[in-house]
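K.L.:
Below are the structure tokens for one structure; questions will follow.
Nothing in this text is a laboratory measurement; each read-out follows from the coordinates by a stated rule. Just so it is clear, the model here is predicted, and its values are computed rather than measured. As a convention, Cβ positions derive from the backbone with ideal geometry for all residues, glycine included, and neighbour counts pool all protein chains shown.
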Amino acid sequence: MKLFECQHCGQPLYFRNTRCERCGRQLGYLPAKQTLTALEPDARGFRALAERRGRYRYCANAQYDACNWLLHVESPEQFCAVCRHNRTIPDLTIPENLINWRTIEYAKHRLFYTLLKLRLPLATRQEDPDGLAFDVLAHPADEREILSVRPIGDEDEPANQIPRSALNRIIRPRVEEILELVRDRLNASGFAPLVGRRMVLTGGGSQLTGLVEAARRVLARNVRVGRPLGIAGLPELAKGPAFATGVGLLIYPQVARMDQIEAGGAHYAMTGTGGYFARVGQWIRESF
């Protein structure tokens, strides 16, 4: 997904932004221009700085913070080119349903951004019996699954009972923002061609359900989770992604074909019984 730019102040903008962080202007996506535009309110609606002749209004789903697409102020449609394909949506008075549906809408708008750029036919079911329609249904488990989360620093306090969907609402947008920042920083650095088409996630957070799929979608690369390799006899706790970077740094000298390392004035063999890696493995087993 490309970066956009505020037409008023030049601030970089993301596809789903609704307000410029620098100048504070409202933003909306203008499908006809395939761009995110800063808006100026007037008596007839909004004037788009990317196309000053028309007047526009938001899609009706903007009230749920699920859509930032614009329609011409005189359009008879209530919903934008994306949202009018919704045939069934869950009960949005249930907070968990609203959170999950909003996430689906974010992904669907990204899909339609690409479909429209490819000029593919996008008839609704009202326009064509074989047209495209979306039925988004609530799963009963989304509303009932409760997790116990203990307060940090106070073991005497009882655990808090939190719906899984409430945690999803907090974690999922943050993860997507972090991945978008990684992608944009990498592209801006000029090193993206050197990285290639493969990336490896490490650390305990890489085990979040759905993180690999989200990273593949945002980063547009093949993504996998890295685990420690190269040291036999690791305890089970140290075999997960949380230790991948640490173990990788320990075995880097071997990968770099260094015959020995110097520590405390002594020279240690890199391989063999009693060598450097044997001691590293022993230290990990004893410490964890």
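K.L.:
Near the amide H of residue 201, under 5 Å away, which other amide H atoms are found, from residues 5 or more places off or on another chain, if H is placed in the peptide plane?
P.N.:
224, 225, 226
K.L.:
Is segment 1-51 best put as rounded, prolate or oblate by its Cα gyration tensor, with a ≥ b ≥ c the root eigenvalues, rounded for a/c under 1.5, and otherwise prolate when a/b is larger than b/c, oblate when not?
P.N.:
Details: a/c = 1.95, a/b = 1.26, b/c = 1.55.
The shape class here is oblate.
K.L.:
Next up: Using only the Cα atoms of segment 164-241, build the gyration tensor, take square roots of its eigenvalues as a ≥ b ≥ c, and label the shape rounded, prolate or oblate: rounded if a/c is under 1.5, else prolate if a/b is larger than b/c, else oblate.
P.N.:
Numbers: a/c = 2.65, a/b = 1.16, b/c = 2.27.
Oblate, since a/c reaches 1.5 and b/c is not below a/b.
K.L.:
Among 194, 139, 116, which residue has its Cα positioned farthest towards the positive end of the charge dipole of segment 109-207, with +1 placed on the Cβ of Lys and Arg, -1 on the Cβ of Asp and Glu, and the dipole taken about the Cα centre?
P.N.:
Towards the positive end, the residue furthest out is 194.
K.L.:
Also: Please give the charge dipole size of segment 91-170, origin at the Cα centre, charges +1 on K and R Cβ atoms and -1 on D and E Cβ atoms. Round to the nearest 20 debye.
P.N.:
On the way: 10 positive and 14 negative charges, 122 e Å.
In total the dipole reaches around 580 debye.
K.L.:
Hey, what do the phi angles of segment 22-30 turn into as Karplus ³J(HN,Hα) couplings, whole Hz, using 6.51/-1.76/1.60 and θ = phi - 60°, x for Gly and Pro?
P.N.:
Couplings: 8, 9, x, 6, 5, 10, x, 8, 9 Hz.
K.L.:
Additional query: To the nearest 20 Debye, how big is the dipole of segment 138-212 about its Cα centre, given +1 on the beta carbon of each Lys and Arg and -1 on that of each Asp and Glu? Write down the numbers at each step before the final one.
P.N.:
Numbers: 10 positive and 11 negative charges, 116 e Å.
Computed charge dipole of segment 138-212: roughly 560 debye.
K.L.:
Another question, if that's okay. Each residue of segment 91-99 in turn: what ³J(HN,Hα) in whole Hz from Karplus with 6.51, -1.76, 1.60 and θ = phi - 60°, glycine and Pro shown as x?
P.N.:
Those phi angles translate into 5, 7, 6, 8, x, 5, 5, 4, 4 Hz.
K.L.:
I'd like the trypsin sites (Lys or Arg not before Pro) in segment 1-41 restricted to DSSP loop residues with at most 15 other Cβ atoms within 10 Å, sorted by number. Intermediate values should be presented prior to the final figure.
P.N.:
Numbers: sites: 2, 16, 19, 22, 25, 33; in loops: 2, 16, 22, 25, 33.
For trypsin sites (Lys or Arg not before Pro) across segment 1-41 that sit outside H, G, I, E and B with at most 15 neighbouring Cβ atoms in 10 Å, the list reads 2, 22, 33.
K.L.:
To make sure I understand the rule: partners must be lysines, Cα under 20 Å from the Cα of residue 33, and not fewer than 8 residues away in the same chain. Which ones qualify?
P.N.:
Those lysines meeting the cut-off are 2, 108, 117.
K.L.:
Is segment 145-186 rounded, prolate or oblate when judged by the Cα gyration tensor, a ≥ b ≥ c being the square roots of its eigenvalues, rounded requiring a/c under 1.5 and prolate requiring a/b larger than b/c?
P.N.:
oblate
K.L.:
Also: Using 0.36 nm per residue, how much length does the chain from residue 111 to residue 50 gain when fully extended, once their Cα-Cα distance is taken away? Display every interim value, and only then the final one.
P.N.:
Details: separation 61, 0.36 × 61 = 21.96 nm, distance 2.24 nm.
Using 0.36 nm per residue and subtracting the Cα-Cα distance, I get 19.7 nm.
K.L.:
Right, something else. Taking the simple approach of a point 7 Å from Cα along Cα-to-Cβ for both residue 208 and residue 221, what is their distance in nm?
P.N.:
My value for the distance between the label points is 1.8 nm.
K.L.:
Additional query: Per 0.36 nm of contour for each residue apart, how much would the distance between residue 64 and residue 182 grow if the chain were fully extended, relative to their Cα-Cα spacing?
P.N.:
Values: separation 118, 0.36 × 118 = 42.48 nm, distance 2.79 nm.
So the extension gain works out to 39.7 nm.
K.L.:
With +1 assigned to the C-beta of every Lys and Arg and -1 to the C-beta of every Asp and Glu, and no other charges, what is the dipole magnitude of segment 1-86 about the Cα centre in debye, to the nearest 20? Write down the numbers at each step before the final one.
P.N.:
Numbers: 13 positive and 8 negative charges, 26 e Å.
For segment 1-86, the charge dipole is close to 120 debye.
K.L.:
Which whole-angstrom value gives the distance between the alpha carbon centres of segment 73-121 and segment 127-196?
P.N.:
Centre-to-centre distance over Cα atoms comes out at 18 Å.
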